[in-house]
Amino acid sequence: MEDGNRQHVVLFPFMAQGHINPFLALAELLRRRRPTLFVTLVSTPLNIQNIKSSSCPPSLSSIRLRSIPFSPAAHGLPPEAETTAAIPFHQIVTLLLASQSLQPAFEQLIEDITQEDGRPPLCIIADNFFAWSFHVARRFGAFHSIFFTSGAYGTAVYSSLWTHLPHRKTDSDEFPLPEFPDTIIHRSQLPKHLLMADGTDPWSDFLQRQISLVSETDAVIINTVEEVEKTGLRMLRKVLPCPVWPVGPVVSSPSSAIAGNDHILKWLDSQPPASVLYVSFGSQNTITAPQMKELAMGLEASRTRFLWVIRPPVGFDVKGEFKAEWLPEKFEERMRDEGTGVLAHGWVPQLEILSHASTGGFLSHCGWNSVLESLSRGVPIVAWPLSGDQLYNAKMMEEELGVCVEVARGNMESSRADRVVVEKVVKEVMHGGQRGKEIRRRVEEVRGLMKEAWTEGPGSSVKGLSEFF
Ligand code: UDX
């Protein structure tokens with residue numbers, strides 16, 4: 001992308017933490033690599049307010065933040081839907097469909113920016129959920145790119161499943177993907193909304209349209225690493241007509257300034273090296289109350305130190321009060337008395353926790369940011385994927401990379417947890433079983449590949465970004 005006179009880039013993430021975080025990191029990266037570049041990040045008002053009030057890395061002060069109006073209420077959604085973190089899963093598809101109404105406001109904003117700057121932006125880098133923004137880019141003569149915040153394999157498999165709904169054409173439990181016959185999917189690896197999709201439901205309506213719009217973009221950049229996701233990148237390049245440049249891992253900077261978390265970091269400071277299992281299901285997902293009990297009992301039986309970010313279970317207000325009855329009797333007291341487990345309610349500084357020397361494993365839902373944050377810090381994963389691409393991220397990490405063990409799978413309602421499996425897998429990964437040792441060895445290799453990708457000269461992500469920009 002060459003144009004010496006118009007070096008202004010507009011970034012437009014979807015309004016969810018798992019999308020905004022890597023876009024913020026990308027903004028920082030672009031500015032670091034090209035200090036003369038002018039970056040504007042666009043989101044809805046509540047997200048812009050959150051970004052402004054969070055402890056952003058210093059260079060973010062040089063990024064222009066602009067909000068576009070969005071009214072969740074007009075679509076029957078609660079105000080907090082703007083950030084997705086606090087809405088029940090079934091409302092997410094309503095939000096996805098509603099987010100398409102942002103097009104006129106986005107177009108107006110680009111018009112305003114063009115007036116202010118005296119020239120249109122050189123490039124719009126949008127979320128894949130906002131692939132429609134290529135229309136706006138064309139109108140202003142700007143280059144258009146999609147930044148995939150999810151991994152290559154997860155994106156390729158999830159997109160293929162939604163496009164073809166192959167599970168509807170067979171009674172078999174296992175079936176190949178039409179474009180990628182070597183990739184075999186098991187029915188248990190389909191989230192509920194995909195299992196139930198028939199091509200006329202709201203999820204199919206949104207995702208099939210969005211997937212086909214991605215083909216209109218000029219280029220794709222993706223938050224992954226060439227050497228780590230060889231298969232996934234080959235799959236994506238097979239189906240996309242434009243260049244695909246991996247530029248990862250792009251992760252946000254640590255931030256210890258999240259209020260009320262000092263005790264967590266202090267507790268971590270006092271634990272032996274690599275002894276703590278960090279447990280979190282990301283920014284949107286939760287598990288059911290019975291699953292929570294199984295997990296708690298499995299953790300206790302494994303006699304492993306843990307730090308569990310805990311939220312009310314499926315079916316309850318995620319911002320509501322946490323009730324002890326959702327856990328085994330006196331669980332929290334026992335853990336506190338023994339000093340072996342900490343339950344954190346709310347939001348914790350995840351990247352800082354994963355970077356801490358005491359953290360030795362991550363029981364994760366396998367959202368792609370969590371995957372990158374964990375592997376780039378050399379932390380092995382115990383996978384409990386719940387939805388969307390998470391199921392395929394876990395599959396790829398277990399089968400191709402050998403950096404994780406799956407402990408349960410399925411969507412939020414149906415995933416079966418078993419305390420005995422949790423205990424066995426956690427012991428294996430955390431207490432140096434044969435498989436645990438092999439996983440740690442593989443994680444170290446992957447961490448090395450991720451580091452190399454960002455070394456000057458031969459690094460593949462350095463190359464990817466300079467070819468793109
Ligand atoms: C969503 C989708 O569910 C997932 O399938 C997709 O791959 C990414 O977006 P999400 O729950 O947001 O997943 O998980 P993840 O991708 O892991 O992103 C969560 C982000 O929030 C991470 O950057 C993580 O560090 C941060 N986080 C989460 C915190 O900083 N503190 C927390 O307490 C929880």
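Just so it is clear, none of the values below were taken in a lab; they were calculated from the coordinates. As the structure is a prediction and not an experimental result, all values here were calculated from the model. Every residue, glycine as well, gets a Cβ built from its backbone with ideal geometry; the counts of neighbours run over all protein chains shown.
Quick look at the values:
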item	result
Calculated on alpha-carbon atoms, Rg and Dmax of the stretch 132-184 in Å	16.0, 49
Spatial separation of Cα centroids for the stretch 370-400 and the stretch 32-52, in angstrom	28 Å
Dipole moment magnitude, nearest 20 debye, the stretch 306-437 about Cα centre, only Lys, Arg, Asp, Glu C-beta charged	200 debye
Extension gain (nm, one decimal) between A289 and S270, 0.36 nm per residue minus Cα-Cα	3.8 nm
Debye log10 I(q)/I(0) for the stretch 325-429, one point scatterer per Cα, at q = 0.11, 0.15 Å⁻¹	-0.37, -0.70
Principal-axis tilt of helix 17-33 within the chain, Cα atoms, nearest 10 degrees	60 degrees
In nm, spacing of pseudo-spin labels at S54 and Q434 (7 Å Cα→C-beta vector)	4.3 nm
Loop sites in the stretch 317-408: chymotrypsin sites (Phe, Trp or Tyr not before Pro), DSSP, at most 16 other Cβ within 10 Å	F322, W347
Potential extension, Q7-L195 segment - 0.36 nm per residue separation minus Cα distance	63.2 nm
Helix-only [θ]222 nm of the chain, DSSP H runs n ≥ 4, -39500 (n - 2.57) each, per residue, nearest 500	-12000 deg cm²/dmol
Whole-number percent relative contact order across the stretch 235-372, with pairs defined as alpha carbons under 8 Å at least 6 apart	37 percent
When the chain is reduced to its Cα atoms, the Kirkwood hydrodynamic radius in Å	22.8 Å
Test item: Cα-centred dipole of the chain, Lys/Arg +1 and Asp/Glu -1 on Cβ, debye	560 debye
The stretch 152-272 - Debye-derived log10 I(q)/I(0), Cα point model, q = 0.09 Å⁻¹	-0.39
Cα pair count fraction exceeding 27 Å, expressed as % - the stretch 181-334	51 percent
Kirkwood Rh (inverse of mean 1/r, distinct Cα pairs), the stretch 383-469, angstrom	14.9 Å
Spin-label pair Q108/A301, simplified geometry with 7 Å Cα→Cβ offset, distance in nm	5.8 nm
Quotient of C-alpha Rg and 2.2 N^0.38 Å, computed over the stretch 269-401	1.02
Proximal lysines to K395, defined as alpha-carbon separation beneath 21 angstrom and excluding residues fewer than eight positions away on the same chain	K192, K230, K238, K424, K427, K437
